[in-house]
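Just below is one structure, and these are the notes that go with it.
The values are calculated or read from the model by the stated rules, or taken from the named source; none is laboratory data. Remember, predicted model here, so these are calculated numbers, not experimental data. Quick reminder, even Gly has a Cβ in these numbers, built from the backbone with ideal geometry, and neighbours come from all protein chains shown.
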Amino acid sequence: MATDEKMKIDERYQYLRRMQRRYRQAADKTKSALLDEMEAHTGMHRKSLLRSLHSNLKRKTRTREREKTYGPDVDAALVVIWEASDYVCPERLQPNLVSLAELLARHGELALPPRLKAQLAQISFSTVRRHLPPLPLVQRRRQLAATPNRHQQAIPAYRIPRDTSEPGHFELDLVHHGGDTPHGEYVYTLQLIDVATGWSGRRAILGRSHIVVADALVYLFAQFPFPVRQIHPDNGSEFLNTHLLTFLRTHYPHVRLSRSRPRQPNDNRLVEQKNDTLVRQFLGTRRFDTVTQTRYLNTLYAQMDQFYNFIQPVMKQIDKTWVPTHEGQSGYLKRTHDQARSPLERLCTAPDFDVQRAQALRAQRDAINPLQLRRAIYAGLEHLFAYPNAEPDQVQDIFQTLADPELFPEAVAALRAVETMDKPKSGLPTVPTAPTTTAAVSSLSNKEEAMLQ
């Protein structure tokens, strides 16, 4: 049976070269079965296959150039249409060639005989790309990188090396939860990933003002069992602004600041990966925009921090090499990873890490029931999804989401005015009561319900 997708000619030659050795070494009875297999994979006639297998299977050079399908009239028309569309890319230009040509012809900017119109209707975007001239210099100037602002100029831009062995060098990023129409204020997840150990921390914030970002960093810094030596965000204004940078330099002068290079997402490759696996795959693309949702999500993140730092193993890339093309097999990038271990074990075996602290962390790990903790996390997600979103005229008080409002005098004043904060002495807001209870939560055991509370 023939394959659904037709082989490209280069793929066919590679396949036949691999099969040629098998065919020549096979017995006569086996050769017929091999021919049937090759006929099914390539779609070639049996006689053509035999001729190819008895040749050197090298593509012949073209002896005569193929005639041009599109002449100078098409090139001239493409230049006019391209300029009229403000030099958009061929993928956007090609589907609209005929309509733009008709419009230009109606205004006398382009002659559009039937033959030219038919050619514009059938030309592919890859052919359009080959026939377009270089982008004019004036247009190329529009695409130059913007001049770094004063914060970007003051903070070095690079990638934290993957072979960093000292814990405390964190990549930092935000994940938005604005739903399909991200308007107004909504919840973000602030996430930190340690390059050396893979230790992670997450905090839900409502909006992205410097107060909620600073509060999240203070809370997460206090949760890590090792000192924070460096934070490495992207170039977003939620991180590179005067208020937050002043706060960090005042309260954490020992923490080094760096940033990723503009338009280089791989400079924050670890946190970008965890944005998907530890945030998006849990919360999806739903919208969260209330104080209740923010505070309950933070209780789930506290449980996730335990599970993904103490229990679940991770692998760390230690090398990558390019394997060149060999015996018909295309070249590829080979990545080598070390043995999978949990971030806790990586931390406890890090150089100069305190032995007594390592013993205490392992004892804390041994007290965790992984199965119950995982079930509590997923049950808590269903409970979170039951909370309603904010009404259009409903105002949310972001100060009620702070873990340590005493650091911000304006937050203390606002909370005293409304007196609605039910924050215990531990500093972490208590779990609010949902207006509805899902079946998943109501079916939990007493121990799991206690973990959620």
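In the stretch 74-84, the count of residues that are farther than 13 Å from L132 by Cα and touching a residue at least 12 places away in the same chain (Cβ under 8 Å) is one or more.
Applying the condition of being surrounded by 14 or more Cβ atoms within 10 Å (Cβ to Cβ) and of a type in the set (V, I, T) to the stretch 249-286 and asking which residue is farthest from P148 (Cα to Cα) yields V279. Scanning the stretch 249-264 for residues that are in contact (Cβ under 8 Å) with a residue 24 or more places away in the chain and assigned to a helix (DSSP H, G or I) returns a single hit, H251.
In the stretch 161-172, the residues that are in contact (Cβ under 8 Å) with a residue 12 or more places away in the chain form Cβ pairs under 6 Å with partners that are acidic (D, E) and assigned to a strand (DSSP E or B), at six or more places apart or across chains, as follows: P167/D194; F170/D194.
Under the condition of being part of a loop (DSSP other than H, G, I, E, B) and hydrophobic (A, V, I, L, M, F, W, C), which residue from the stretch 347-378 is nearest to G284 (Cα to Cα)? Walk me through it before giving the result.
Here is the first cut: in the stretch 347-378, the ones part of a loop (DSSP other than H, G, I, E, B) are 349-354, 367-369.
So of that shortlist, the ones also hydrophobic (A, V, I, L, M, F, W, C) come out as 350, 353, 367-368.
Details: A350: 34, F353: 37, A367: 31, I368: 27 Å.
Filtering the stretch 347-378 for residues that are part of a loop (DSSP other than H, G, I, E, B) and hydrophobic (A, V, I, L, M, F, W, C), the one nearest to G284 (Cα to Cα) comes out as I368.
Kindly indicate which of A413, A434 is assigned to a loop (DSSP other than H, G, I, E, B), assigned by TED's automatic domain parsing to the domain that holds T285, at pLDDT below 85 and more than 20 Å from L220 (Cα to Cα). First the steps, then the outcome.
Working: A413 fails: assigned to a loop (DSSP other than H, G, I, E, B).
Checking each option against the conditions leaves just A434.
Would you point out which residue out of D352, D338 is in the same structural domain as R269 (by TED's automatic domain parsing), surrounded by fewer than 21 Cβ atoms within 10 Å (Cβ to Cβ) and at positive phi? Walk me through it before giving the result.
On the way: D338 fails: at positive phi.
Criteria check complete, one pass: D352.
If only residues of the stretch 38-73 that are without any contact (Cβ under 8 Å) to a residue 12 or more places away in the chain and assigned to a helix (DSSP H, G or I) are counted, the one that is surrounded by the most Cβ atoms within 10 Å (Cβ to Cβ) is E39. For the stretch 113-137, taking the residues that are surrounded by 16 or more Cβ atoms within 10 Å (Cβ to Cβ) and in a loop (DSSP other than H, G, I, E, B), the one that is farthest from the chain's Cα centre (by Cα) is identified as I123. For the stretch 190-207, give me each residue that is surrounded by 19 or more Cβ atoms within 10 Å (Cβ to Cβ) and within 21 Å of I398 (Cα to Cα). Within the stretch 190-207, L190, Q191, G201, R202, R203, A204, I205, L206 meet the criteria. Just the residues that are free of Cβ contacts under 8 Å to residues at least 12 places away in the same chain, part of a strand (DSSP E or B) and touching a strand residue (DSSP E or B) at 6+ places or on another chain (Cβ under 8 Å), please, taken from the stretch 315-346. Matches in the stretch 315-346: V323, Y332. Scanning the stretch 39-73 for residues that are within 18 Å of R129 (Cα to Cα) and at pLDDT below 85 gives K68, T69. Is it true that L35 is modelled with pLDDT of 90 or more and either closer than 30 Å to P134 by Cα or not assigned by TED's automatic domain parsing to the domain that holds R129 (or both)? For L35, the condition - modelled with pLDDT of 90 or more and either closer than 30 Å to P134 by Cα or not assigned by TED's automatic domain parsing to the domain that holds R129 (or both) - is not met.
Annotation note: of R24, R18, the sole residue that is in contact with a Gly (Cβ under 9 Å, 6 or more places away or on another chain), modelled with pLDDT of 85 or more, outside the structural domain of Q122 (by TED's automatic domain parsing) and part of a helix (DSSP H, G or I) is R18. Candidates I377, I368: the one that is within 31 Å of the chain's Cα centre (by Cα), over 16 Å from W199 (Cα atoms), surrounded by fewer than 17 Cβ atoms within 10 Å (Cβ to Cβ) and not acidic (D, E) is I368.
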